[in-house]
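The values are calculated or read from the model by the stated rules, or taken from the named source; none is laboratory data. If you're wondering where the values come from, they're calculated on a predicted model, not measured in any experiment. Reconstructed Cβ throughout: ideal geometry from the backbone, glycine too, with neighbour counts over all protein chains shown.
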Amino acid sequence: MVASPDSRLNRRAFTTLLLASGLAGCATASQTGASPSNTLAAAPQAVPPARPGATATLAAAPPQPRPAPSPAAPEKPGYRPLSELPDFDTWLEDVRQEALGKGFSASLVEEALGNIQPIQRVIELDRRQPERTITWEKYRSNAISQARINRGRAHLEENAGVLNQIGQRFGVQPRFIIALWGLETDFGRNTGGFEIISSLATLAWEGRRADFFRGELFAALRILQEEGFSATELTGSWAGAMGQCQFMPSSFHKFAYDWNGDGHRDIWKTRVDVFASIANYLGSSGWKGDQTWGRQVMAPAALARTQSGLDTRRSLEEWQSLGVTRETGEPLPLAPLSASLVTPSGPTGPHYLVYDNFRTTMLWNRSTYFALAVGTLADAVGSV
């Protein structure tokens with residue numbers, strides 16, 4: 001559902017009304033250009049905020065409730081007070097002139113930027129992203145429910161023919177395509193309901209990362225120009241992530257793929273384009289189609305306490321010599337793979353040995369929890 005006019009504000013009264021509504025609160029989680037940074041700390045980690053590149057829903061985490069207003073809350077560090085923002089009409093005219101200078105047609109600029117207004121809900125979400133602590137066990141149970149596994153298996157079977165073709169073309173196993181699709185938007189069921197142009201304009205006008213979002217706004221205009229979509233067809237998350245695979249506009253230009261050859265890279269409605277775009281991203285980012293992502297293992301707590309983390313790499317043979325085994329207690333596979341020990345809940349377990357494809361997944365979203373969830377869901381979906 002596209003954000004309704006009721007969620008928007010009259011541009012000239014926007015700043016005054018926001019201040020009166022107490023929307024100048026703060027959030028402690030920072031936002032990055034691709035995905036939130038996430039450490040491998042043993043303690044429970046904070047759920048990353050909706051990244052530019054994902055909806056504010058489950059990118060391997062449960063949806064977060066809208067926080068209650070707090071009129072007395074101070075401005076969030078890094079944001080200008082709303083009272084100090086430039087007039088939106090004046091700011092938007094500057095954007096229009098820059099777009100014309102970049103070669104966008106006057107008709108496209110008018111269609112996309114002629115009547116947009118800042119969206120109050122985007123301001124709320126950006127300035128009040130809640131940071132909530134959650135354990136890996138809770139995160140995993142929400143991200144990898146049996147219902148989601150069952151749906152993933154059904155999609156894998158239903159689309160087996162085209163998924164195998166796409167997998168061979170890009171060197172990515174189909175179960176990982178399905179897993180990423182499932183975690184990003186619940187297999188296309190939850191893609192976000194904001195108009196991307198308006199969301200990006202709002203964030204470019206008021207946010208901490210104005211330059212980044214201004215660039216993404218122009219990248220979105222290029223999509224309209226090159227793909228033939230209307231501005232209202234570009235929908236997604238409040239943070240600008242689009243379609244069923246939640247690409248930012250800049251990522252769209254790099255990785256979106258027209259699999260069915262109809263002249264449009266449609267990551268909103270054309271399922272095969274969604275699959276190919278996910279596979280293209282992974283394949284272009286170093287995915288190794290002859291390897292898996294990792295596995296859950298058993299490791300001595302003392303070893304996990306001192307040797308965990310992505311900076312430490314050892315062969316499977318070396319890890320086994322240090323006491324690491326399969327989860328069942330059996331020896332590790334005899335494969336020439338370099339692995340790191342990851343301990344999302346601390347040294348007492350659970351423990352995971354992760355390979356290069358795990359690192360590639362973290363280029364999509366730099367959350368350890370997310371990357372573990374992708375691999376775990378892919379294995380569950382693929383084990384029929």
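Residues checked against (1) in a loop (DSSP other than H, G, I, E, B); (2) of a type in the set (D, E); (3) farther than 23 Å from R214 by Cα; (4) touching a residue at least 40 places away in the same chain (Cβ under 8 Å):
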| residue | (1), (2), (3), (4) |
| --- | --- |
| G240 | yes, no, no, yes |
| H253 | no, no, no, no |
| N260 | yes, no, yes, no |
| G263 | yes, no, yes, no |
Pairs under 6 Å by beta carbon, first residue closer than 18 Å to T361 by Cβ in the stretch 293-314, partner hydrophobic (A, V, I, L, M, F, W, C) and surrounded by fewer than 17 Cβ atoms within 10 Å (Cβ to Cβ), six or more apart or different chains? G309/L40
Under the condition of being in a loop (DSSP other than H, G, I, E, B) and out of contact with any Leu (no Cβ under 8 Å at 6 or more places or on another chain), which residue from the stretch 293-316 is surrounded by the fewest Cβ atoms within 10 Å (Cβ to Cβ)? D311
How many of the residues making up the stretch 317-351 are exposed (fewer than 13 other Cβ atoms within 10 Å of the Cβ), closer than 12 Å to Q296 by Cα and touching a residue at least 40 places away in the same chain (Cβ under 8 Å)? 0
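Results for (1) of a type in the set (F, W, Y); (2) in contact (Cβ under 8 Å) with a residue 60 or more places away in the chain, shown as yes or no for each residue.
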| site | (1), (2) |
| --- | --- |
| D126 | no, yes |
| T135 | no, yes |
| Q146 | no, no |
| I149 | no, yes |
| E158 | no, no |
| I166 | no, yes |
| F170 | yes, yes |
| Q173 | no, yes |
Sort through G236, G240, G261 and tell me the only one that's closer than 24 Å to L180 by Cα, out of contact with any helix residue (DSSP H, G or I) (no Cβ under 8 Å at 6 or more places or on another chain) and not assigned by TED's automatic domain parsing to the domain that holds S83. G261
Just wondering, is there one or more residues in the stretch 251-271 that are closer than 24 Å to A380 by Cα and modelled with pLDDT of 95 or more? yes
